[in-house]
Each structure stands twice: as C-alpha cells, then as structure tokens.
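A.B. asks: This is the structure I want to talk about, given as structure tokens.
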Amino acid sequence: MITKELITELKHKGNSDIADLVKNQHDVGTINFILESLGQLPINFESKFLYDLLGHQHAQVRLNAVKNIGKLNGNTNILILLELYKKEKDTSVRREIISSIGRQRKAENKPLLFNFLEDEDPKIVCQAIRGLLVFDKDNDVEEHLKPLINHPNEMVRTVIYKEYFAKENQSVGVLPHTETYDFLKNTIVNADVLKALKFVPDESVHLTFTSPPYYNARDYSIYPSYQAYLEFLEEVFKATHRITKEGRFLIVNTSPIIIPRVSRSHSSKRYGIPFDLHPYLVKNGWEFIDDIIWLKPEASVKNRIGGFMQHRKPLGYKPNCVTEYLMVYRKATEKLLDWNIRNYDFQTVENSKVADGYENTNVWKIDPCFDKVHSAIFPVELCKRVIQYYSYKGDLVFDPFGGSGTVGKTAKALDRFFFLTEQELKYFEYMQSKSKPQELFNEQQTKFLTLEQFKEISK
Ligand SMILES: C[S@@+](CC[C@H](N)C(=O)[O-])C[C@H]1O[C@@H](n2cnc3c(N)ncnc32)[C@H](O)[C@@H]1O
C-alpha cells in the first residue's frame, strides 16, 4: 500500500524510486496522492519524472507536477515551464506555472514576470505581481507595477493600491481607532440625519445598524419617486461612510416592499429595495461582506397566499414574505480585520468576546416586535446580535434612523455608546419618555438635543 510514510522514505533515497513508483501507477488518483504527499524536496531529488508528467492528459497531474517543480530549490527548468504555459489550456495549471516561476525569486526572471502582467487572466497578473513584489525597493519593478492602479480588474487594483498608494492616503487628525468624541456618546438628535451629520467629525463611529424608512410604505416616508428615495439613502450612507472608522461595519436592514394597486385595473408594484440600494453602497466605498436573512414566523406576516390557495393558477403565486435582509458592509480598506482587532487592548477583547449560543448561520429566526407608538421597531434580539458580533465594548454605535431607539437601548445594555438621529418629534419624544431617570445619573447620561444644541456642543 502506498502511504505518506513510504513516499517520505523513498523521496529521501535520492535515486529514482519515487519516479518508478509513479511510473507504475495507472490510476490518476494515486499519482496525485503521491505528488501531493511529496512535501519539501531534498536538494538531490531526481526530478526528471516531474517534467515528463507535464505532458500528462489530466490537468490535476500537470498541476501537481508544476507545484513540485516549483519546489526544486532554484533548479527549476523555466524554459520547459514556459513551453507548457504557451500551450496549456487549464487556468489552474497556467497560474501555478507563474507562481512557480515567482517563487524562484531570481532577478533574471523579472522580464518574464513583466510579460505575464499583460495576461488576460487577472489571477495570472496577481501571481506575477506577487512574484515581483519580493524585489523590494526595485525601481524597475515599481515602474511596471504602479501603472496597474488603473487595471480593469479590482483585485489587481487593490493589491497595487495597498502596496504603493495606501500609505500616502492615510487619514490625518483622526482619533485613535478605539476612541470617539464625548459629545457623540449617548446622544440623540432630533433632526434630519443629513443635517446632523454635518457636525460629526470624520471617522468617529465604530458601527452603524439601521433600518431605513420604507419607500412610501408608512406615513413618515414620503418621497417624490423611488429614484429620489434611493438617492436620499445614497446620501445618508455616503455621509455615514465619512464618519465611520476605517474598516468598520454598516448593517442595513431592508426588504422588498409592495405598494398596493391604485385600483382593480392596476397591479400592485413591488420594489426590491435591498438589491437596488446595493450598487449605491458599493459605489460609495462600502465593501459587501454578507447577507443575513431575518426569518419571521409565518403567522406574523401579511397573508398573500390566500388567493392562490383558492385558484391554484400558475403565475398567480404570491408567497407570504417571512424574510428581511440584513446587508453587511465594511468601509473598504486594504487593512485586514486583524488590524481593527489589534487596536483594542487585551482586556477589551476578552470582555467583548461573544458567549456560547451565537448564531452559526446567516438565517436568524427572530420574532418581530410590535410597539404602540412606533410601527416598525427592531426586536431587541436582532440588535443584540448585530452589536455583539460587529462591535467591541466601549465602541460608538450609530443609527441614523433612530425610531423608538432600540439600537441605543441595546447598545447601552451591552456597554457600548450610541448616537442616534431621528427626524420625527413624536418618536424623539417617545424615546425621551422611555429614558428612565435612573439611567441619567451616570457620566455618559443620554443627551436629547435639537439640531441647534447639537451644533453648539459639537464645536
Ligand atoms: C424603520 S424606522 C426605524 C425604527 C428603529 N429601528 C426602531 O427600532 O425603533 C425609520 C425611522 O427613520 C426616521 N426617519 C425618516 N427619515 C429620516 C431622516 N431624514 N432623518 C432622520 N430620521 C428619519 C423615521 O421617522 C422613522 O422613525
């Protein structure tokens, strides 16, 4: 039986034992197993059989052969690899060839790698870039790579941006990552969000979780047209982007809505808000991360299936809509999440760790919540999950469409600060009426402010 131990033993013998073993195999799976088990190759490794395998009819075998050829400690025959590259149809094998050449780290290979920058496959271009970036502070390399900031492919642009341009664009004069301004902490402003945000400094918010007003679905959300509605939200999330700290999250709760028909001779109209909003967010620097489905019990939603239940005629199918979306975005940055996390001290990270019982999947089964004053409030459980999974203790959580203040209340209960804006006086006063006196004694007591007052304290 061929085992990993046997392969390791034969590999170190320094003669053609491995080659013979491979030659005697007719089963592709076994050949691949041997090639994948080779690991590090000794200096005196007999490699001819690997080059012979470059002509094998199975792409996976060719791929594994190239991988091993790339490990030959500088003895790789580049010309043979290039020959294969010219005729190879399989993209994985082509990419591996470039990767193998790059891993040689030989200055004489630079012109070859420059040529691969022209390849149509962006992954090949990225492999060539990786191979070239090992030549630190090399003018020739920089001259070839910097112009790729205008490459049509976004992955290529991102790599080049991170390497050559990110440092130049670092924000100046912003607070340390974990900190924010005292005047924003536990503050609720009774104003149009766009007006209030004019007084909020750049990069002051750690997390935004919100449910925007639905397009003409309720009395507080009247817009002249759907386009105007989307453009209003675009402005809000553009401003939110400015005040969000580098690499932090925005979570938007929306769902498609239906505008009832005007009369029996018209049909009702459905608007796919999450899908239509998405391009505006991405365009303005929000990187799409996840879509979480909020699943509600069927009994809690409007019954649309009734008609179909009676007639059963195809095309007239209208399912009961038991889901809403939580679209998760991150303020685009070349920095990894690890960078964000490393900004927090050990104790804060420990204290913020999410306890057992967290949700494993992107389907969150949560009952909706009903309120006597506000008709569209978040369930506390939904806020709890978002705040716990996407922020640290001491962070500032923002809700531009504060409503009844669920985000604020939950943020506070989870030892975060909150900042809310709410334009309707009746909801602002509702939040005020719910704020218990005993909540007001601590140093970060909730501040209920008009736009004017907010403007004053922001100075
Ligand atoms: C869907 S509700 C949010 C409810 C909230 N998530 C809660 O748990 O109570 C949207 C809220 O946005 C408010 N709103 C609408 N347009 C606004 C604007 N331009 N600025 C600030 N608030 C606005 C509405 O008055 C409404 O209370």
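The values are calculated or read from the model by the stated rules, or taken from the named source; none is laboratory data. Owing to the predicted nature of the structure, the values given are computational and were not obtained by experimental measurement. Every residue, glycine as well, gets a Cβ built from its backbone with ideal geometry; the counts of neighbours run over all protein chains shown.
A.B. asks: What about I160, is it surrounded by 15 or more Cβ atoms within 10 Å (Cβ to Cβ) and at pLDDT below 95?
C.D. replies: Criteria met by I160.
A.B. asks: Give the residue, chosen from N190, N186, that is surrounded by 17 or more Cβ atoms within 10 Å (Cβ to Cβ), at positive phi and modelled with pLDDT of 95 or more. Walk me through it before giving the result.
C.D. replies: Values: N190 fails: at positive phi.
Just one listed residue meets the conditions, N186.
A.B. asks: Here's another thing I want to ask about it. Name every residue in the stretch 199-250 that is among the β-branched types (V, I, T) and farther than 25 Å from L337 by Cα, in order of residue number. Don't jump to the end; show me each part of the working.
C.D. replies: Here is the first cut: in the stretch 199-250, the ones among the β-branched types (V, I, T) are 200, 205, 208, 210, 222, 236, 240, 243-244.
Within the stretch 199-250, I222 is the sole residue that qualifies.
A.B. asks: Would you point out which residue out of R62, R105 is at positive phi and in the same structural domain as Q25 (by TED's automatic domain parsing)? Explain how you work it out, then say what you get.
C.D. replies: Values: R62 fails: at positive phi.
Going through R62, R105 in turn, the sole match is R105.
A.B. asks: Shifting gears a bit: Got a sec? Which of S375, S433 is closer than 25 Å to D192 by Cβ and either in a loop (DSSP other than H, G, I, E, B) or in contact (Cβ under 8 Å) with a residue 24 or more places away in the chain (or both)?
C.D. replies: Every option except S375 fails the conditions.
A.B. asks: Restricting attention to the stretch 96-104, does a residue exist that is within 34 Å of the chain's Cα centre (by Cα), within 20 Å of M155 (Cβ to Cβ) and surrounded by fewer than 15 Cβ atoms within 10 Å (Cβ to Cβ)?
C.D. replies: no
Residue by residue, here is whether (1) modelled with pLDDT under 90; (2) part of a helix (DSSP H, G or I); (3) outside the structural domain of D202 (by TED's automatic domain parsing); (4) charged (D, E, K, R) holds:
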{"position": "I97", "(1), (2), (3), (4)": "no, yes, yes, no"}
{"position": "E143", "(1), (2), (3), (4)": "no, yes, yes, yes"}
{"position": "V156", "(1), (2), (3), (4)": "no, yes, yes, no"}
{"position": "H177", "(1), (2), (3), (4)": "no, no, yes, no"}
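A.B. asks: If you take the residues of the stretch 239-266 that are part of a helix (DSSP H, G or I) and within 14 Å of the ligand (Cβ to nearest atom), which of them is surrounded by the most Cβ atoms within 10 Å (Cβ to Cβ)?
C.D. replies: T240
A.B. asks: Taking the condition within 12 Å of the ligand (Cβ to nearest atom), part of a loop (DSSP other than H, G, I, E, B) and either modelled with pLDDT of 95 or more or of a type outside the set (F, W, Y) (or both), does D202 pass?
C.D. replies: Working: within 12 Å of the ligand (Cβ to nearest atom): no; part of a loop (DSSP other than H, G, I, E, B): yes; either modelled with pLDDT of 95 or more or of a type outside the set (F, W, Y) (or both): yes.
Against the criterion (within 12 Å of the ligand (Cβ to nearest atom), part of a loop (DSSP other than H, G, I, E, B) and either modelled with pLDDT of 95 or more or of a type outside the set (F, W, Y) (or both)), D202 does not qualify.
A.B. asks: Sticking with this structure for a sec: Can you tell me which of (1) touching a residue at least 12 places away in the same chain (Cβ under 8 Å); (2) among the β-branched types (V, I, T); (3) part of a loop (DSSP other than H, G, I, E, B) is the one T361 doesn't meet?
C.D. replies: (1)
A.B. asks: If you go through the stretch 64-95 one residue at a time, how many are in contact with a Ser or Thr (Cβ under 6 Å, 6 or more places away or on another chain), assigned to a helix (DSSP H, G or I) and surrounded by fewer than 21 Cβ atoms within 10 Å (Cβ to Cβ)?
C.D. replies: The total comes to 0.
A.B. asks: Any chance you could count how many residues in the stretch 337-365 are in contact with a strand residue (DSSP E or B) (Cβ under 6 Å, 6 or more places away or on another chain) and either loosely packed, with under 10 Cβ neighbours inside 10 Å or hydrophobic (A, V, I, L, M, F, W, C) (or both)?
C.D. replies: Total satisfying the criteria: 2.
A.B. asks: Ok, one more. Suppose we filter A332, A299 for residues that are among the small types (G, A, S), under 28 Å from E231 (Cα atoms), away from the ligand (no atom under 16 Å from the Cβ) and assigned by TED's automatic domain parsing to the domain that holds L414; which single one remains? Give the steps one after another, and end with the answer.
C.D. replies: Working: A299 fails: under 28 Å from E231 (Cα atoms).
Of A332, A299, the one residue that is among the small types (G, A, S), under 28 Å from E231 (Cα atoms), away from the ligand (no atom under 16 Å from the Cβ) and assigned by TED's automatic domain parsing to the domain that holds L414 is A332.
A.B. asks: Follow-up. Name the one entry in K436, K426, K409, K365 that is within 11 Å of the ligand (Cβ to nearest atom), over 28 Å from L175 (Cα atoms), assigned by TED's automatic domain parsing to the domain that holds S300 and of a type in the set (K, R). Write out each step before concluding.
C.D. replies: Details: K436 fails: within 11 Å of the ligand (Cβ to nearest atom); K409 fails: over 28 Å from L175 (Cα atoms); K365 fails: within 11 Å of the ligand (Cβ to nearest atom).
Result: K426 is the single residue among K436, K426, K409, K365 that is within 11 Å of the ligand (Cβ to nearest atom), over 28 Å from L175 (Cα atoms), assigned by TED's automatic domain parsing to the domain that holds S300 and of a type in the set (K, R).
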